[in-house]
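Working notes for the structure below.
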Amino acid sequence: MEILGLAAGRAAARHARVGSVGDGVWDVQAARQLGWPFLGIGSGARAEKLRAAGATLVLPDLTDTASPAAALDTATVGSGWISRCIPMSPAG
């Protein structure tokens, strides 16, 4: 988790928002702990596992390259909250 927090701090210096895209339950859990919007990628049983872990938006794949970027605008984890990246200072 520490490496993701460090990456978010560095990204915040250049980008207005940081989000997470993943296909595993641990990706959902990491996004929740970091307060990031999450976009799940999967279909069938994998999609159901992501939703059960708290992903509110799951796409079947990344073939449509415009969909993931647009989807992160509405993606959440858990009970309907959406978080924006809060700039952090990197650990030194």
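Since every read-out is calculated from the coordinates, none of them should be taken as a lab result. This one's a predicted model, so the numbers in the text were calculated from it and none came from an experiment. Glycine gets a Cβ as well: all are built from the backbone with ideal geometry, and neighbour counts include every protein chain shown.
Of everything in the range 43-66, what is surrounded by fewer than 19 Cβ atoms within 10 Å (Cβ to Cβ) and among the hydroxyl-bearing types (Ser, Thr, Tyr)? Give them in sequence order.
Selection gives Ser43, Thr63, Thr65.
Let's see how each residue does on (1) farther than 12 Å from Val58 by Cα; (2) surrounded by 19 or more Cβ atoms within 10 Å (Cβ to Cβ):
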| position | (1), (2) |
| --- | --- |
| Ile3 | yes, no |
| Gly19 | yes, yes |
| Gly22 | no, no |
| Gln33 | yes, no |
| Ile41 | no, yes |
